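K.L.:
Okay, here's the structure, questions in a sec.
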Amino acid sequence: MVGVFVLLAALEGFLRDELVWRPVAVAVQVPLLAMLLWRRSHPLVSVAVAFGGLGLLEIATTLAGRDSAGLYAMVGLLVLPYALFRWGSGREAAIGLVIMSIPHAMDMIFKPSDPASTAAGFVFLLFPAALGASVRFRARSRRRDLDEAKLLEREQLARELHDAVAHHVSAIVIQAQAGRLIAASEPEAAQRALATIESEASRTLTEMRSIVGVLRRGPAEYVPQRKLVDLEALAHSEGSSPAVEVELEGDLDEVRPAIQAAIFRIAQESITNVRRHARHATEVSVRVVADSETVSLTVSDDGDVAHFDADSGSGFGLVGMTERAALHDGTLEAGPGHDRGWTVRAVLPKAGRDS
């Protein structure tokens with residue numbers, strides 16, 4: 001983009017015979033267009049240099065009693081007000097607005113025109129600034145919504161982890177009570193109880209490590225912990241269309257409860273997305289495969305080729321699924337299927353987080 005404006009400015013300087021101080025005008029203004037390269041990293045500096053240079057050139061032509069030496073190609077500098085209000089701080093925007101107003105103020109003083117033309121000039125300058133501020137506000141709102149979606153997902157995960165840890169602790173208490181009762185009469189049984197306590201305590205520590213760093217608000221909700229066998233219920237949980245087929249493979253008994261709950265929630269959200277957004281889908285396939293190290297989930301539908309926008313408001317479900325997988329040291333990918341529909345694939349460690 002910068003190269004195009006530079007080329008247009010050079011051609012304009014070469015072709016416009018009526019241009020005031022043509023060599024000087026081109027030599028001063030063409031380098032100012034290079035400030036577009038730093039519009040994101042240094043928006044205020046770019047505005048100050050570009051509009052300051054134009055202001056100095058305007059002062060020189062005014063003192064010499066000549067017409068404006070501005071090039072038409074300098075309209076490209078209107079990107080700078082947008083960039084200033086899009087990426088600059090509030091203080092930088094206020095300072096930059098004053099700097100950008102200097103050339104217009106000079107025209108009002110030394111080259112007065114009708115009020116309508118003056119007002120049109122200010123509107124022409126402020127429109128990209130207002131557009132930049134609008135895009136900035138929308139981006140901030142989007143980030144807040146994404147953070148809220150992640151936080152809600154972490155809350156749900158914390159509640160599920162709470163249930164898993166409570167289950168392990170209850171088992172430890174029961175085994176400890178049994179071991180104390182039989183310690184004197186059946187030493188071997190007491191040793192088995194201690195071994196069970198050790199195993200359950202180890203699992204509890206693993207689940208507790210998963211809780212660290214997970215944000216949560218409000219009290220835990222005591223609801224049954226979801227398991228992989230509960231996936232069958234998803235076929236009828238939210239309606240009968242499209243049909244849901246569930247396939248479970250591998251040794252699923254060794255999958256940690258927190259991982260089972262995560263797989264269930266990701267599958268649930270994926271099916272919900274199909275029912276809400278897929279067009280002409282008649283079937284959803286849910287396939288869970290567990291090997292010695294990982295458990296993978298694949299959810300796909302046979303709807304029309306999807307053009308899902310993850311940056312739109314409907315993308316929060318995908319954000320939540322990705323966040324849930326990441327909190328278990330897993331991965332999640334989502335995108336259009338090879339032939340039709342949409343496919344979600346998640347891979348999580350079978351034993352949960354290592355630390």
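The values are calculated or read from the model by the stated rules, or taken from the named source; none is laboratory data. Please read these numbers as outputs of a predicted model, since none were measured by experiment. Cβ sites come from the backbone with ideal geometry, for glycine too, and all protein chains shown count toward neighbours. When the accessible area is computed, the model is the full protein with side chains, heavy atoms only, and any ligands, DNA or RNA have been set aside. Shrake-Rupley method; radii C 1.70, N 1.55, O 1.52, S 1.80 Å.
K.L.:
Of the accessible area of segment 37-141, with the probe set at 1.4 angstrom, what percent is carbon plus sulfur? All intermediate terms of the calculation are to be shown ahead of the outcome.
P.N.:
On the way: 4040 of 5830 Å².
With neighbouring chains kept in place, the figure for segment 37-141 is 69 percent.
K.L.:
While we're here: Calculate the translational D of segment 2-100 in whole µm² s⁻¹ from Stokes-Einstein, where the hydrodynamic radius comes from the Kirkwood formula applied to all Cα pairs, the temperature is 25 °C and the viscosity 0.890 mPa s.
P.N.:
Numbers: Rh = 13.8 Å.
In µm²/s, the coefficient rounds to 178.
K.L.:
In nm, to one decimal, how far is the Val24 label point from the Phe122 one, both placed 7 Å along Cα→Cβ?
P.N.:
About 3.0 nm separates the two model spin labels.
K.L.:
Sticking with this one: Using only Cα atoms, locate the centre of segment 324-353 and the centre of segment 250-290, then give the distance between them in Å, rounded to an integer.
P.N.:
A separation of 10 Å, based on Cα centres.
K.L.:
Over what distance in Å are the Cα centres of segment 1-39 and segment 43-94 separated?
P.N.:
Result: 13 Å between the Cα centres.
K.L.:
Rounded, prolate or oblate: which fits segment 19-59, taking a ≥ b ≥ c as square roots of the Cα gyration tensor eigenvalues, rounded meaning a/c under 1.5, else prolate when a/b beats b/c? It would help to have the intermediate numbers written out before the result.
P.N.:
Details: a/c = 4.58, a/b = 1.96, b/c = 2.34.
Judged from the Cα gyration tensor, segment 19-59 comes out oblate (a/c at least 1.5, b/c at or above a/b).
K.L.:
Please compute the modelled spin-label separation between Ser41 and Arg142, points set 7 Å along Cα→Cβ, answer in nm with one decimal.
P.N.:
Taking the two extended label points, one gets 2.3 nm.
K.L.:
Moving on. Please give the peptides 144-153, 255-264, 44-53, 16-25 ranked by average Cβ packing (other Cβ atoms within 10 Å per residue), highest first, as a rough proxy for protection. Could you put the intermediate results ahead of the total?
P.N.:
On the way: 144-153: 15.6, 255-264: 24.0, 44-53: 20.4, 16-25: 14.1.
By packing density, highest mean first, the sequence is 255-264, 44-53, 144-153, 16-25.
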